[in-house]
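A.B. asks: Let me begin by handing over the structure; questions about it come next.
The values are calculated or read from the model by the stated rules, or taken from the named source; none is laboratory data. Being a predicted model, the structure only gives us computed values, none of them experimental. So basically every Cβ, Gly included, is an ideal-geometry build from the backbone, and we count neighbours across all protein chains shown. When the accessible area is computed, the model is the full protein with side chains, heavy atoms only, and any ligands, DNA or RNA have been set aside. Shrake-Rupley method; radii C 1.70, N 1.55, O 1.52, S 1.80 Å.
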Amino acid sequence: MRRHAMLRPLFCLGVLMPLTVAVVSGCAAPPSGAIGSPGTSGMAAPAATSTETPWVDRTLTLPSGATLKVPVEWTTTAATDGVILWDPEKLVRIDLVEVDATGGMSGAIAMAWSRRYPSFNRQELAASDSPGREGWELFRWSSYKTSPEESRRVSAFGARKGPLAAVVLVDGPLATVQRRASQVAIVHKSLRPAGYVRETYRGRAPRPLDAARVAELKTFIERMRNAADVPGMSAVLFDTNATLIDEGFGVRERGRPEPVTADSLFMIASNTKPLTTLLLARLVDEGRFGWDTPVTRIDPRFRTGDPDATRRILMKHLICACTGLPRQDLEWLFTFDRSSAQGQLDVLATMKPTTKFGALFQYSNPLASAAGYIGARLLRPDLELGQAYDAVMREKVFLPLGMSRTTFSFDEALGTSHASPHSWDMSLKNVPIEMALNHSIIPVRPAGGAWSSARDYARYVRLELAQGRLPDGSTFVTEKTLLARRVPQVRVSEDAWYGMGLWIEDVKGIRVISHGGSMFGYKSNFFFVPDAGIGGVILTNADSGWSVATAVMRRTLEVVYDGKPEAEEDLLAGERETEIYMRGEQRDWKVPPDPSEVRRLARSYRNAALGEIVVHAGQHEVVFQFGGWKSPMASKLNPDGTTSFISVAPGVRGFEFNAPAATGPYTRLRLRDPQHTYDYDSVGAGVGHAPPSPR
């Protein structure tokens, strides 16, 4: 997790992991007559170029002299020990409280709660200390138990320097916290003690990656792989002159001897998005449309669930995460076995924005998939949409770049050297997992369905560094069109923005372009630093691989710019915190489920959007079958007395189906993502008549 990692949306492409910001229920109404605290204001990012919303912050100063940034539209009220923040809707409250920390950080956080919420009595779900950063000596995060029907987040984060701690308490509805997650992240990430001057790489000449530094990075990669319990990974690192690292580490599947190589295939998940926008860039160069062309002019059939949003969406907005359409992935995760590319576009036509156009970062995989399909249909209207996209990507992107092993075909990928997916079991060890749910990406594959190798994908990253030129000097895509994809479209956090399928971040003053990918059992990242002329690709075959991919990028920058060595400590702390959180989460799970609760289940349930759940109750386990995939279930008694059934299969742990508190049979199960609720109604008899558990 590291600092504020609970703010990161870990429901990444396909993996639902509730490592989230927590917040207190029953928060007080916003104070009347709230006034803005004194401070300075200024632009926190480049001016918005494709939306009407500028990204402006205020800088607030706490009584100790510590500072933080707050989005200008948030309400601030000064307190004697800190400040109270409210979002524009007056739904999310963030308290910053300065307290004495000489008795320890756990006591400091408890003191902060007692000052602002005297009756606060929630049980702690998990908590952990970690090394401080940005001038702080120590961090501590705490998350608290909530009930599904509350649909709230409750969390605390403390940062200590000397005897004083600044504690951040977050309280608000889950839906609001999620759609404003980028703004909450700004508050957390900008908190710094009085007088602290941030480390900067700006002005430092990048050091050459000579043999000794490359050898150090190889050793680091292997050490981090082992620390994160990742069975196998592949890495390529290069500069403008040479390939520096080009090899595999570990094995393709735990328990088998076959090694990973630089040619081994991995699912690259959302790292498909930059390839999709690269296709669009080529079509822009061909004059088929411009970045500012309305999508409905290119494809009159294009629809979202909001006519105004549909009208306003230009081609550059399809993969900008800036239209206000929220994260809404359960439709394709639960229906892929009977869905299609066109079917998912039809579902997109029902999705509605939950924030103003251009205002906030909200990541939409269905909208991103529409980008690829619309571009492909323009060129191959004679083919089924998915086939058209596959063919056009092969012709326009993969073959010209020499990406001969990159494919959207599971049959092709699984028939050659490939890495198998791994995730945590109940002992929190990485084990091989079923591939089934990764097929869910097929109907929305322009957003994340490609298989590639580190060596293959590096060919694309080299093109980015070369500003659109191929190794022979010829132009693959014009520099102007390529670079338009790197223009910030929406702000993500204090120093990060999202472009067209690209993550744009100023890491200690140096611009880094990257993206991450997450499917079940696969985590990956690529990055390049235009000013230093370096780039890299990291592919892993475990859900814990995300921390490794991030650490390799950060350590490379530390080596190149002679920075403070923080990447390894961050990974180790993050692994420890993740384990603490997951153990806290599963402490209340009963596996197998409580028999008295299982007897109240119906044989099956149905939701109009997501389809059917078939309940298989065996002697030693209860399995829910969800169309194309299944999982054993745990039961959990919630603080409000309701019962939840939670998927526990490695790779898909954490899907929670809440049953209402009632006597007799459970006639309804409720599944949520942060902004949507899906009710499943019972069909047929109880589980006493259910078929046996499938094997």
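A.B. asks: Ranked by accessible surface with a 1.4 Å probe, highest first, in what order do 604, 596 come?
C.D. replies: 596, 604
A.B. asks: Lys and Arg at +1, Asp and Glu at -1: add these up for the other residues within a Cβ distance under 10 Å of residue 388 and post the number.
C.D. replies: Surrounding charge for residue 388 is -1.
A.B. asks: Over the chain, consider all pairs of different Cα atoms and compute the Kirkwood hydrodynamic radius from their mean reciprocal separation; express it in Å, one decimal.
C.D. replies: Radius from the Kirkwood sum: 25.9 Å.
A.B. asks: Please give the solvent-accessible surface of residue 222 in Å², to the nearest 10, using a probe radius of 1.4 Å with every protein chain present.
C.D. replies: 60
A.B. asks: Would you kindly find the accessible area of residue 408, with a 1.4 Å probe and non-protein molecules such as ligands, DNA and RNA excluded, rounding to the nearest 10 Å²?
C.D. replies: The value for residue 408 is about 20 Å².
A.B. asks: Sticking with this one: If you roll a 1.4 angstrom probe over the protein chains with everything in place, what fraction of the accessible area of the chain belongs to carbon and sulfur, to the nearest %?
C.D. replies: So the carbon and sulfur contribution to the accessible surface is 52 percent.
A.B. asks: Something else about it: Compute the accessible area per residue over the chain, keeping the other protein chains in place, probe 1.4 Å, unit Å².
C.D. replies: Here the per-residue accessible area is 36 Å².
A.B. asks: So what is the diffusion coefficient of the stretch 517-584 in µm² per second by Stokes-Einstein at 10 °C and 1.306 mPa s, using a Kirkwood Rh over Cα pairs?
C.D. replies: Using the Kirkwood radius from Cα pairs, D works out to 123 µm²/s.
A.B. asks: Just add up the charged neighbours of residue 666: K/R +1, D/E -1, any other residue whose Cβ is under 15 Å from the Cβ of residue 666.
C.D. replies: Combined, the nearby Lys, Arg, Asp and Glu give +1.
A.B. asks: To one decimal place, what Kirkwood hydrodynamic radius in Å is obtained for the stretch 208-277 from all pairs of distinct Cα atoms?
C.D. replies: About 13.6 Å for the stretch 208-277.
A.B. asks: Heavy atoms only, probe 1.4 angstrom, no DNA, RNA or ligands counted: give me 357, 526 ranked by accessible area, highest first.
C.D. replies: 357, 526
A.B. asks: Now for a different question. Cross-link list 429/630; 523/564; 69/356; 218/429; 90/161: which exceed 28 angstrom alpha carbon to alpha carbon?
C.D. replies: Cα-Cα > 28 Å for 90/161; rest within.
A.B. asks: To continue, here is another question. If Lys and Arg each add +1 and Asp and Glu each add -1, what is the summed charge of the other residues whose beta carbon sits under 12 Å from the beta carbon of residue 274?
C.D. replies: +2
A.B. asks: Also: How are the C-alpha pair distances of the stretch 402-524 spread across 10 Å bins, as whole percents from the shortest bin up?
C.D. replies: 11, 32, 33, 21, 3, 0
A.B. asks: Go ahead and estimate [θ] at 222 nm for the chain from helices alone: -39,500 (n - 2.57) per DSSP H run with n ≥ 4, summed, over the residue count, rounded to 500.
C.D. replies: -7000 deg cm²/dmol
A.B. asks: Please calculate the 1.4 Å probe accessible area of residue 459, with all protein chains present, and give it to the nearest 10 Å².
C.D. replies: The value for residue 459 is about 100 Å².
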